[in-house]
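Here, each number is a calculation from the coordinates, and none is a lab measurement. The model shown is predicted, which means the values in this text are computed figures rather than measured ones. Glycine also receives a Cβ, built like all others from the backbone with ideal geometry; neighbour counts cover every protein chain displayed.
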Amino acid sequence: MAATVSETLLDWYDTHARDLPWRARPGTPAPDPYRVWLSEVMLQQTTVAAVKPYFEAFTTRWPDVSSLAAAPEEDIMAAWAGLGYYSRARNLVKCAAAVAQRGGFPETEEGLRDLPGLGPYTAAAIAAIAFGERAVVVDANVERVVARLFAIEDPLPGARKAIRVAADAITPDRRAGDFAQAMMDLGATICTSRDPKCLLCPLTQSCEARAAGDPARLPLKARKKDKPVRQGRAYWIERNGTVWLVRRAGKGMLGGMRALPDDGWNSRSDGSDEAPLAGIWESAGLVRHAFTHFALELSVLVNRGSEQPKGEGEWWPLDRLEEAGLPTLFAKAARLVLAS
Ligand code: SF4
């Protein structure tokens with residue numbers, strides 16, 4: 001089955017590969033590892049459609065890893081704003097510095113694993129796609145395809161080991177990068193989560209879940225616990241066409257990003273309800289936001305007095321607010337105020 005799956009899938013990929021800005025077409029020289037790395041980091045937890053404009057903007061502004069490594073961290077964080085999961089951007093900065101210092105990306109999966117902030121999936125993907133190494137690349141799309149192909153009935157995340165072993169068994173020695181991208185494309189376009197299009201699938205003859213009927217059932221997932229809901233407040237302090245913005249502490253939630261002042265909520269506890277200055281606060285409403293491990297209900301409070309809060313911050317012009325690089329949570333809060 002292994003050879004049939006890889007050959008069939010590679011044939012399919014030769015004509016159906018998605019055209020993506022970080023890709024090389026099948027049969028052309030491998031893409032630049034910088035572009036592969038950047039796209040893979042951006043694509044974690046984010047869709048291709050959301051990533052494309054960010055990828056274009058980053059590679060236009062910082063066309064190689066040395067230019068990215070030389071950029072001020074705050075510029076990178078601001079350019080990342082809106083993509084979410086900001087720890088990825090902080091890891092990007094650290095990794096770019098390490099790569100620039102050693103004069104380029106390591107060319108093996110093992111070497112790539114030593115780079116700061118670069119996980120096993122990304123190391124395998126870069127090794128296979130940019131350097132042609134036989135590496136077993138398993139992202140969520142590949143997990144789904146493999147669980148169905150082999151009818152793996154254990155629920156995720158426990159099934160990951162069995163999925164990896166099965167993925168290893170079908171990964172070819174040659175064209176491992178194309179094979180990884182073909183699996184990703186199959187998962188993204190045909191073997192989709194809710195509605196697998198088995199009639200169009202090149203692997204339909206080899207697929208055990210398809211033979212058993214109802215492949216959309218797989219992969220099974222262990223029941224998730226409900227996320228805790230935290231309450232917090234963000235404070236909009238406005239004077240003379242500007243709003244008071246602070247920079248969040250380097251470590252922790254949304255670390256290093258520009259933000260509205262808040263009352264110190266975090267993943268483990270509600271905020272203190274202490275405003276940064278005394279005065280009259282009016283409610284602009286509530287923003288709900290889902291983080292990985294908790295949900296936040298953020299009340300947005302507005303003060304249009306002229307006092308300056310204590311502590312560090314800056315008065316930011318309202319007509320340039322888009323350039324502040326506010327993370328999505330605070331951008332939602334700003335939109336709420338500006339619409340009210
Ligand atoms: S036959 Fe259906 S379930 Fe099996 S891999 Fe193809 S699309 Fe997925």
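Summary table
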quantity: Percent of C-alpha pairs per 10 Å bin, the range 2-217, short to long; calculated: 8, 34, 34, 18, 5, 0
quantity: When the convex hull of its Cα atoms is projected in every direction, mean area for the range 229-339 (nm²); calculated: 6.4 nm²
quantity: Helix-only CD estimate at 222 nm, as mean residue ellipticity for the chain, using -39500 (n - 2.57) per DSSP H run (n ≥ 4); calculated: -12500 deg cm²/dmol
quantity: Length-normalised contact order of the chain in % [C-alpha pairs under 8 Å, at least 6 apart]; calculated: 16 percent
quantity: Nonlocal amide H pairs with GLY82, under 5 Å, H built at 1.01 Å; calculated: THR328
quantity: Ranked by how many other beta carbons lie within 10 Å on average, peptides 17-24, 166-173, 185-192 from highest; calculated: 185-192, 166-173, 17-24
quantity: In the range 152-229, trypsin sites (Lys or Arg not before Pro) in a DSSP loop with at most 14 other beta-carbon atoms within 10 Å; calculated: ARG174, ARG194, LYS197, ARG223, LYS224, LYS225
quantity: Radius ratio Rg over Rh of the range 115-174, counting only Cα atoms, Kirkwood formula for Rh; calculated: 1.00
quantity: All Cα pairs of the range 119-244, percent lying beyond 21 Å; calculated: 49 percent
quantity: Filtered trypsin sites (Lys or Arg not before Pro), the range 265-340: DSSP coil and at most 14 other beta carbons within 10 Å; calculated: ARG268, ARG304, LYS310
quantity: Rounded to whole Hz, the Karplus (6.51, -1.76, 1.60) HN-Hα couplings of the range 328-335, x for glycine and proline; calculated: 3, 4, 7, 5, 5, 4, 5, 4
quantity: The range 30-85 and the range 154-176: distance between their alpha carbon centers, rounded to Å; calculated: 28 Å
quantity: Debye, to nearest 20: dipole size of the range 2-217, +1 on Lys, Arg Cβ, -1 on Asp, Glu Cβ; calculated: 320 debye
quantity: Virtual paramagnetic centre 7 Å along Cα→Cβ of GLU323, amide N under 17 Å, in the range 259-287; calculated: 259
quantity: Within the chain, longest stretch free of exposed GluC sites (Glu not before Pro) [DSSP loop, at most 11 other beta carbons within 10 Å]; calculated: 1-273
quantity: Alpha-carbon Rg with Dmax, taken over the range 57-120, Å; calculated: 11.8, 32
